[in-house]
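Okay, so here's the structure we're looking at.
The values are calculated or read from the model by the stated rules, or taken from the named source; none is laboratory data. Values in this document were obtained by computation on a predicted structure and should not be read as measured data. In this analysis, Cβ positions are derived from the backbone assuming ideal geometry, glycine residues included, and neighbour counts consider all displayed protein chains. Remember, those area values only see protein heavy atoms, side chains included, never the ligands or the DNA or RNA. Shrake-Rupley method; radii C 1.70, N 1.55, O 1.52, S 1.80 Å.
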Amino acid sequence: GDDVMTVIKTKAQWPAWQPHNIRAAPSAEFSVDRARHLMSFLTMLGPSPDWNVGLSGEDLCTQDCGWIQRLVKDLVPWDAGTDSGVTYESPNKPSNPQERIRPLTSLDHPQSPFYDPSGGAMSPLARVVLERIARKGEQCNTVPDTIDDIVADIAQEEKEEGDSTPETCIYSNWSPWSACSSSSCEKGRRMRQRMLKAQLDPTVPCLHTQDFEPCMGPGCSEDESSTCMMSEWISWSPCSASCGLGMRSRERYVKQFPEDGSSCTLPTEETEKCVVNHDCSASSCVVTEWGEWEPCSVSCGLGMRRRERMVKMESSDGSPCRVQLAEVEKCMMPECNALVCMLSPWSDWGECSVSCGVGMRSRQRMLKTPVEPGLCLDELEQVEKCMLPECPTDCMLSEWSAWSECNKSCGKGHMIRSRMVKLEPQSGGLPCPETVQRKKCKVRKCSRGSRASEKKKRQGASDRRRAKQSREPLDGVYQGMWRGDPRTCDEHEEEGQSLSAQQLQKQKGNPCVQ
């Protein structure tokens, strides 16, 4: 459509974690212009349930109407919401209904490779680098010799390995190499130079405007001029025809030009003929292109493999589809006698060894062919850690302290002991029991001196009451208390309880009646 300027396609890298020393990261070229300058891409992580990384609507314009020179983005994984697997190698488990696309988190599932009980931020697992390689046509930013334009003129690969040029020194591109100072096979030198265009920091010197390297006369160099370094071919485009003969194409790009400045003559695009449906009559049906070949039917020796295609559209006149939908061919695998170990696929991972916390799980595979002991060194069992929700932790207390001293110096009292909480209960563990205990204590009887003084006080009060009572007639009204009454005689006198002489005789034993 008119809203899309370039469709970005790269060759698949499977599995996604393939190390860079085995295979370089996939790359592709694309173009943008002033009307279509947003870049989006998505790539699945394989193998995985439906995890992916990408960018959405990344603006490649600068604020002053220029173009970004270099952009580096670290990417975190997203879940497409179509599969409910929790590990990279989970079996297919379609989500029904499908869920919303969302970023994965560190708390999604205990068995997830990204699980973090503390709920920390996700670590990036991919990085995309965008580099501007050329500017074409009339530019929006036409102000000459601005820092943006100067920096833009410096190609990213111009900074060679070991170049210690300060970032505050802006140079022009290197000039072509001069002719060699030697016209014979004796060693000479050749020179190239560049100009200083801007010095952003006057305190930092800008040197290295000339460069020299050894050379020999024409025809004397043992090394051929460097060749172009090309990317891998991007996969073929769909056939241009849905029925009959059409064309398809594929592309690649120049990753590195020759050091001698010559142009690359290797092709960057290939086209070939393709046939989707040989018969295009009304009685013919429309089919898809052939799918990929299935794995060979045997692991060694001669076997067969198969590929299929499907019907896209039935014939217009309703006649049955007579197009071949399956194709079989022979396939040759290594000689069987050359294979010592033939192994079955790995089984599914077993259950975790624990019901909570960190445990272990294992999986196995078997030998498919009899092998003498010791000849097959491939492992038949793998063990890995597994993480389940945290186990409940009960409250943990210290030992009881020693009993304290009695809180009374004589008579009855109490003493206490305590213990400290060393760990609060977690994840539903048992709560903390009592942390303080109290018990009675009796140190010694109180001394007689104190009891005698109290008795003397009571005796004095009794004498005063007797003197008062002796001044009143016997048949008068007396004040007193009933036996067993816990109140003092003085309290009864205040309440004014009256006793007859007869009642007084009955209360002779009352301590208040003297």
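Here are the numbers:
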{"read-out": "Distance (nanometres) between label positions extended 7 Å along Cα→Cβ at residue 255 and residue 306", "value": "3.8"}
{"read-out": "Stretch gain in nm, segment residue 107-residue 324, where the contour uses 0.36 nm per residue and the Cα spacing is subtracted", "value": "73.1 nm"}
{"read-out": "FRET efficiency estimate (nearest 0.05) - Cβ-Cβ, residue 401 to residue 96, R0 45 angstrom", "value": "0.15"}
{"read-out": "Amide H contacts under 5 Å for residue 215, placed H, 5+ residues apart", "value": "188, 189, 190"}
{"read-out": "In nm, spacing of pseudo-spin labels at residue 133 and residue 430 (7 Å Cα→C-beta vector)", "value": "7.0"}
{"read-out": "Fully extended contour minus Cα-Cα distance, from residue 213 to residue 367, at 0.36 nm per residue", "value": "49.4 nm"}
{"read-out": "Residue 316 versus residue 168: modelled label distance in nm, points set 7 Å from Cα along the beta carbon direction", "value": "7.5"}
{"read-out": "Residue pairs, from the table 273/312; 9/368; 9/330; 11/368, whose Cα atoms sit over 30 Å apart", "value": "9/368; 9/330; 11/368"}
{"read-out": "Antiparallel content of DSSP bridges confined to region 25-135, in %, to 5", "value": "100"}
{"read-out": "Solvent exposure of region 169-215 as accessible area per residue, Å², 1.4 Å probe", "value": "68"}
